[in-house]
Amino acid sequence: MNSGLVEPVQRLFKDFGPVDVTMTIYIVLGIAGLGVATPLMFNIVTDKGLNSRKEFQVMAAASFVDSLYVAINVINSAYRIFVTAKPVTRGECIVTPTIFTSTVISQLYGQMPLFVAIDRLLALKFGNWYYAKKTLRYIYVLVLIPLTCSLAIAIINAVWIKVTSADLETTSSLCFSSSKTQKSSDVIESTVPGLIHKDFQYVFFGVKWFDVIFSTVVFGVVLYFQHNDPRLDVCSPNWKTTINSAYRSTAASTLSSLVSILLPDALLLTVTSKTLVVTTVLYSMQLLKLPGNILAYIFLHKEVREIYRNFPKRSNSNVIHVIPMVAKT
């Protein structure tokens with residue numbers, strides 16, 4: 001065995017404590033979620049019949065953002081297990097590439113549901129313009145807008161830490177509030193981990209919460225108009241099922257953000273005394289958003305079910321190329 005791996009492996013088995021168990025749970029949940037999402041993203045990217053359709057482009061983009069969030073958490077959790085915890089300053093911590101990326105992706109993770117809801121609103125009310133766009137430029141813009149906002153917020157947070165007294169505050173490795181010696185029943189007297197400046201945290205989380213809540217409002221409007229659209233009455237049963245699938249599956253994934261993003265975020269921020277068990281459950285809820293959304297797609301979207309039923313074979317997706325019913329005439 002490589003001598004460089006001996007010490008961390010020995011420590012892993014000798015000093016495997018409650019915090020290591022928590023990190024392992026995050027890794028297992030993350031890898032499982034990525035495994036569940038991979039068939040869908042792979043098929044959409046490689047199947048021309050799917051990647052030429054806006055609903056699947058948006059589905060793939062949302063799943064990709066969720067996957068980024070899960071992947072960076074898996075990397076951070078694995079690093080936390082194998083690296084001996086040592087005090088570092090928050091200023092040093094926040095400029096670490098993986099940590100800074102975490103703050104960007106965490107923000108993007110909360111903003112993306114709103115843009116998925118806006119996409120469905122555009123498809124319903126501006127169909128002629130929406131379906132006339134055949135290139136991928138639209139989906140790039142759809143993701144670039146929240147990504148730019150997320151990057152700006154993460155930069156403001158990092159600068160705020162670096163130029164204030166928080167720069168020299170000591171925290172544990174990876175900016176976690178917990179320590180390697182912490183027991184599951186020990187109470188953490190902290191509002192949030194040290195990633196976010198205490199004077200900026202309500203802005204950081206508030207933007208995410210606003211986007212999640214407003215996305216449910218937008219999707220409520222979308223589903224109301226879509227359900228009462230008279231053009232549905234002239235559709236065949238199969239065509240109506242396909243149309244409903246496009247809206248209901250993405251609506252379910254958007255609404256799930258209330259439970260998988262808003263609820264744990266709010267509790268992590270506002271409950272000042274939490275045990276390791278509580279924080280493990282709350283962060284696990286956020287990691288479960290990805291597989292939860294995929295399951296919603298499978299149950300509510302017939303073509304997604306076909307993808308998973310036939311995987312690794314490609315689905316027969318050339319039958320329905322677009323959904324012109326929603327285009328205005």
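Please treat every number below as a calculation from the coordinates, not as lab data. All values reported here derive from a predicted model rather than from experimental measurement. No Cβ is skipped: glycine too gets one built from the backbone with ideal geometry, and neighbour counts run over all protein chains shown.
Some observations on this one:
- Once Rg and the Kirkwood radius are both taken over the C-alpha atoms of the range 57-153, their ratio Rg/Rh works out to 1.12.
- Among the listed pairs 208/289; 125/289; 289/313; 48/289; 54/302; 198/289, those whose Cα-Cα separation exceeds 24 Å are 125/289; 289/313; 48/289; 198/289.
- Inter-label distance, nm, simple model (7 Å from Cα along the C-beta direction), residue 129/residue 151: 2.6
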